[in-house]
1. Only residues that are touching a residue at least 12 places away in the same chain (Cβ under 8 Å) and of a type in the set (S, T, N, Q): list them for region 23-35, please.
2. Being among the charged types (D, E, K, R) and more than 22 Å from V171 (Cβ to Cβ) is the filter; apply it to region 37-89 and report the residue that is nearest to ligand 2 (Cβ to nearest atom).
3. Against the condition free of Cβ contacts under 8 Å to residues at least 60 places away in the same chain, away from ligand 1 (no atom under 16 Å from the Cβ), assigned to a helix (DSSP H, G or I) and farther than 18 Å from R150 by Cβ, how does Q91 come out, does it pass?
4. If S55 meets every condition in (1) within 23 Å of S152 (Cα to Cα); (2) touching a residue at least 60 places away in the same chain (Cβ under 8 Å); (3) surrounded by 17 or more Cβ atoms within 10 Å (Cβ to Cβ) apart from one, which number is that one?
5. Looking at D10, D26 in this structure, which one is within 16 Å of ligand 1 (Cβ to nearest atom) and open to solvent by less than 70 Å² (accessible area, probe 1.4 Å)?
6. Give the number of residues within region 1-46 that are under 17 Å from the mean Cα position of the chain (by Cα) and in a loop (DSSP other than H, G, I, E, B).
7. What is the residue count in region 47-87 for residues that are more than 14 Å from the chain's Cα centre (by Cα) and part of a helix (DSSP H, G or I)?
8. For residues that are of a type in the set (A, V, I, L, M) and open to solvent by 50 Å² or more (accessible area, probe 1.4 Å), scanning just region 60-86, find the one that is farthest from ligand 1 (Cβ to nearest atom).
Amino acid sequence: MDSEVTLQVDGATHHVTIDTRTSLLDALRQRMGITSPKKGCDHGQCGACTVLVNSRRVLGCLALAVAYDGAVVTTADGLAPGGDDAHPVQQAFLDNDAFQCGYCTPGQVCSAVGVLDEIERGWPSAAAADVAADPELTDPEAMDREIAERMSGNLCRCGAYKGIRAAVGQVARAGGAVR
Ligand code: FES
Ligand code: FES
């Protein structure tokens, strides 16, 4: 069975008719030609397909596109405000050598934007049950633990985790205002 789906992706409107079983990731990549989100495992285990939907991070391979009809989707390509200016998280990845082959990087960057937003909103994590009440988050080690926990759904075969945590921490220390 086919369904008509409209998505706002990185500022552009896309209308597609797709099989109802199509994942958001496949709709983006195969029907809309938006290849920034990557297919790693296609099973919700690697995070390479992470995009922001209405500002929250979503695994595109586990999401059905029809469930997001009308949604605003932001990929790593759409984060930068335009021109040559990188988004603060993208710049931090560059500053900290937070990638090697780059395959996981679009998902890492989108996830990082979501993580920083979640920390700012005081959403709890397994590393700190009540981050809003935890003054230790000003401590670099505590922040590093938080970031490692919250980014744990994004795998990197190149093992660039040290740089990734440093990049996210850099933006967090700068205020984390990246929505
Ligand atoms: S491709 Fe979606 S989590 Fe791996
Ligand atoms: S930079 Fe290569 S998989 Fe992460």
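1. Once the filter is applied, which keeps residues that are touching a residue at least 12 places away in the same chain (Cβ under 8 Å) and of a type in the set (S, T, N, Q), region 23-35 yields only S23.
2. Taking region 37-89 as the starting set, the residues that turn out to be among the charged types (D, E, K, R) are 38-39, 42, 56-57, 69, 77, 84-85.
Checking the rest, the ones that are also more than 22 Å from V171 (Cβ to Cβ) come to 39, 42, 69.
Values: K39: 13, D42: 16, D69: 32 Å.
This residue is K39.
3. Values: free of Cβ contacts under 8 Å to residues at least 60 places away in the same chain: yes; away from ligand 1 (no atom under 16 Å from the Cβ): yes; assigned to a helix (DSSP H, G or I): yes; farther than 18 Å from R150 by Cβ: yes.
Criteria met by Q91.
4. Looking at each condition in turn, S55 falls short on (3).
5. Working: D10 fails: within 16 Å of ligand 1 (Cβ to nearest atom).
Residue meeting the stated conditions: D26.
6. Counting residues in region 1-46 that are under 17 Å from the mean Cα position of the chain (by Cα) and in a loop (DSSP other than H, G, I, E, B) gives 15.
7. 4
8. Filtering region 60-86 down to residues of a type in the set (A, V, I, L, M) leaves 62-67, 71-73, 76, 79-80, 86.
With open to solvent by 50 Å² or more (accessible area, probe 1.4 Å) added as a condition, the list becomes 62, 64, 67, 72.
On the way: L62: 6, L64: 13, A67: 15, V72: 20 Å.
Checked region 60-86; the qualifying residue farthest from ligand 1 (Cβ to nearest atom) is V72.
The values are calculated or read from the model by the stated rules, or taken from the named source; none is laboratory data. Predicted, not measured: the structure shown is a model, and the values here were computed from it. Counting neighbours? That spans all protein chains shown, and the Cβs are built from the backbone with ideal geometry, glycine included. For accessibility, only protein heavy atoms count, side chains too; no ligands or nucleic acids. Shrake-Rupley method; radii C 1.70, N 1.55, O 1.52, S 1.80 Å.
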